[in-house]
Amino acid sequence: MLRKLSKTFGLVWCALLLCLLLAPAGWAQSFNGTITGSVTDQSGAVVPNAELTLTSVGTHVVTKGTSGPEGLFRFPNLVIGAYDLTAAAQGFRNYVQRGITVDIDQTVTANVRLELGTATQTIEVNANASPLNFESGEMKSTIAPKVVEELPLLVSTNQRSVGSFVLLMPGVTTGTGNNPYDARINGGLQSGDEALLDGVSMFEGLQGNGGMISMFTDFPISPDTVDELSVITSNYEPQYGNTSSAVITAVTKSGTSEFHGTAFELLRNTDLNAREYGTPNRGTDLENDFGLTIGGPIKWPKWPHTNRKAFFFFAIDDYWLRGGLTSPIQSVPSMQERQGDFSDWKDSAGNLIPVYDPATTRANPNYNPSSPSGPNNLPYLRDQFMGCNSNTPNVICPSDPRLTNSMAPGWYKWLPAPTFNTLLNNYVSPAMPIGGDGVLDHRELYTLKIDYYFTSKDHFSLVSYQARAIDAVACYFRVCQIDSAYTGVTPHYSQPLDRVNWDHTFSPTLLSTLNWGYYNPGGKSIATDAAYAGVVPQIAGVGSHTQPSGLSFQNYSPMGADDLGKNNKSGNVVNEQMTWVHGRHTVKFGGEIRKSQYSDLNFNNLSGSFGFSQANTGLVGINSGSDVASFLLGQVSSASEYVPTVGTYYMRNSGEDLFVGDTWKIH
């Protein structure tokens with residue numbers, strides 16, 4: 001049976017390699033490690049044909065090999081973890097070295113020195129192998145599993161991400177801030193790095209994001225699901241040729257021969273926070289990051305072969321946010337200005353800022369175009385609003401048809417009253433109620449990994465990450481403000497990230513690693529205040545009324561969030577790496593195929609955006625006018641609307657690459 005399987009595998013790999021070689025041009029990445037060394041006697045003479053046995057401490061998987069004519073041995077394609085090495089040769093005592101730790105893509109040197117004696121005598125070494133790299137000039141920093149497990153990460157408006165640990169590495173800087181999103185490694189460009197998860201790139205389709213942006217921001221990977229993290233900064237091997245800065249590599253945890261599990265919760269609470277400066281109360285901040293992990297062996301009844309082993313690892317990481325850490329200060333019009341009374345509209349010196357009637361605009365017969373424009377030389381004139389009795393400056397008569405037919409009251413009824421008795425910066429955003437308008441962030445991350453050793457020469461693993469989120473940012477008014485690209489928008493996304501890995505040993509000197517990966521960080525967004533589209537006034541002539549129009553003001557906080565979109569930016573990757581050890585040469589060759597796409601549906605601003613300024617109710621050359629008065633009178637200063645000819649577009653791209661490299665060990 002094994003002979004038939006071996007022939008089948010050989011045909012599969014030959015077909016795969018043929019496909020890669022025929023490709024016209026990403027890179028293959030192997031995250032497995034290697035243990036290498038030499039077998040010598042007490043005098044330093046090489047010992048050929050020594051029998052070596054390597055046993056995984058966690059899974060008890062056994063790998064056997066022999067030393068070559070020059071006493072050299074090599075165990076490649078090793079899953080990261082701890083190993084015990086046993087060596088035996090005729091006329092020598094048995095040799096055992098325990099606790100050899102293999103990190104991500106690390107080559108560990110564990111030299112064996114045999115002593116004369118009988119096989120019943122054993123030399124046991126309880127020490128790790130040397131951490132020094134004797135194999136290449138590669139510069140790499142590694143965060144050990146114990147550090148990932150025990151070092152706490154801050155819970156602050158987002159899920160914890162193992163990418164935060166990259167900041168601990170030498171050569172990593174974030175500039176003036178401390179945001180991992182801005183990380184630059186070894187003087188490279190932001191986003192010049194590449195992130196690999198279980199041997200496959202986390203690139204985000206044709207959008208081009210990757211590296212720290214993917215691992216920290218777009219797909220935060222819980223530290224409870226990652227076994228190890230490393231950063232390769234220079235002199236890396238040719239399979240890492242798809243980056244201009246550094247390679248960040250992470251490996252998902254695996255189950256072991258014993259059942260293990262954890263449960264956790266990290267809490268951030270309003271009662272534990274201080275009051276923000278300038279606000280009367282503490283803003284609501286309720287954050288919970290909780291979950292569990294469990295892993296162990298998979299035991300099925302009537303297992304057909306004793307050499308078959310299977311293990312699983314499962315994790316859940318849930319993050320909930322209610323409220324906000326800060327209470328932003330907004331600017332809202334006073335209650336009397338909303339009625340057309342601008343007698344309180346004054347400058348810092350207490351002088352009344354005049355508000356003029358745009359319907360009375362006329363040319364100034366005394367204007368001198370050869371002189372500078374100013375208060376005494378205005379090109380146009382307007383009459384100041386004086387109320388119904390023509391004796392109350394800056395008051396629009398309530399019976400003015402423009403005021404009685406204004407759309408503004410239909411918006412202002414949803415706007416809260418000022419907190420302070422000032423013209424600007426007069427409204428403190430309240431603590432966001434749970435389940436109501438406000439910050440709502442709910443993120444879920446599910447992880448499942450299956451490891452299957454179905455022959456002594458084959459290791460198969462399947463990893464599936466499933467992330468979901470409903471991410472509603474601050475909506476300080478019932479009709480949201482839109483002062484940034486994100487405020488007032490509710491992104492929903494479901495992100496699958498899958499990996500399949502197959503390690504096959506043709507012989508002790510010829511090995512293969514085949515990886516497949518899929519990542520689709522797509523999602524959709526809709527304005528948080530979309531439910532108010534039929535409640536607030538609808539402006540005639542725009543392309544859609546499914547969401548409120550966006551209103552912006554020169555002095556006051558905006559209202560309305562017109563956003564509707566959906567995108568997918570998936571990436572499919574297949575890579576293959578062959579490793580051939582021939583004497584002192586280690587040859588690695590293979591290739592990668594990437595299929596990427598970006599599909600975007602964009603219907604933002606179909607309801608239109610309208611701006612209001614002081615100029616429409618003022619005079620050029622003097623401090624005058626009010627953007628609120630312009631709004632009451634329907635005097636728009638700027639407007640835009642998105643009229644798509646094609647609402648959705650689809651981009652596709654394919655890339656193929658090959659690589660080959662030879663590491664020659666002289667001594």
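The values are calculated or read from the model by the stated rules, or taken from the named source; none is laboratory data. All figures in this text were calculated on a predicted structure; none of them were measured in a lab. When we count neighbours, we look across all protein chains shown, and the Cβ atoms used for this are built from the backbone with ideal geometry, even at glycine. Ligands, DNA and RNA are excluded from the accessible area calculation, which covers all protein heavy atoms including side chains. Shrake-Rupley method; radii C 1.70, N 1.55, O 1.52, S 1.80 Å.
Key figures for this structure:
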quantity	calculated
Exclusive hit being farther than 26 Å from Gly241 by Cβ and surrounded by fewer than 16 Cβ atoms within 10 Å (Cβ to Cβ), set Tyr650, Tyr642	Tyr650
Residue within region 361-376 that is open to solvent by less than 20 Å² (accessible area, probe 1.4 Å) and modelled with pLDDT of 95 or more present	no
Matching option when the condition is in contact with a helix residue (DSSP H, G or I) (Cβ under 9 Å, 6 or more places away or on another chain) and surrounded by fewer than 18 Cβ atoms within 10 Å (Cβ to Cβ), among Asp317, Asp357, Asp383, Asp347	Asp357
Filtered residue count, region 617-667, keeping only those that are under 30 Å from Ile396 (Cβ atoms) and either part of a strand (DSSP E or B) or not aromatic (Phe, Trp, Tyr) (or both)	24
Enumeration of residues in region 343-378 that are under 48 Å from the mean Cα position of the chain (by Cα) and of a type outside the set (D, E, K, R)	Trp345, Ser348
Residues of region 93-113 that turn out to be open to solvent by 10 Å² or more (accessible area, probe 1.4 Å) and more than 38 Å from the chain's Cα centre (by Cα), as a count	8
Cβ pairs under 9 Å, 6+ apart, first in region 647-658 and under 12 Å from Asn568 (Cβ atoms) and modelled with pLDDT of 85 or more, second outside any loop (DSSP other than H, G, I, E, B) and open to solvent by 70 Å² or more (accessible area, probe 1.4 Å)	Arg652/Lys595
Filter result for Ser234 (farther than 21 Å from Asn158 by Cα and surrounded by fewer than 23 Cβ atoms within 10 Å (Cβ to Cβ))	yes
Qualifying residue in region 246-253 (condition: farther than 22 Å from Ser191 by Cα and open to solvent by 40 Å² or more (accessible area, probe 1.4 Å))	yes
Verdict on Thr579 being modelled with pLDDT under 85 and among the polar types (S, T, N, Q)	no
Test: residue in region 560-569 that is modelled with pLDDT under 90, among the hydrophobic types (A, V, I, L, M, F, W, C), more than 28 Å from Tyr518 (Cα to Cα) and not in a strand (DSSP E or B)	yes
Scan of region 45-74 for residues that are open to solvent by 50 Å² or more (accessible area, probe 1.4 Å) and in a loop (DSSP other than H, G, I, E, B), ordered by number	Pro48, Asn49, Val57, His60, Pro69, Glu70
Test set (1) at pLDDT below 80; (2) under 30 Å from His459 (Cα atoms) - Leu272 fails condition number	(2)
Test: residue in region 565-572 that is closer than 27 Å to Gly661 by Cα, of a type in the set (Lys, Arg) and surrounded by fewer than 19 Cβ atoms within 10 Å (Cβ to Cβ)	no
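One line per residue, one yes/no per condition, for (1) within 21 Å of Ser613 (Cα to Cα); (2) among the acidic types (Asp, Glu); (3) assigned to a strand (DSSP E or B):
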position: Ser343; (1), (2), (3): yes, no, no
position: Arg362; (1), (2), (3): yes, no, yes
position: Asn368; (1), (2), (3): no, no, no
position: Ser371; (1), (2), (3): no, no, no
position: Leu381; (1), (2), (3): yes, no, yes
position: Met386; (1), (2), (3): yes, no, no
position: Thr392; (1), (2), (3): no, no, no
position: Leu403; (1), (2), (3): yes, no, no
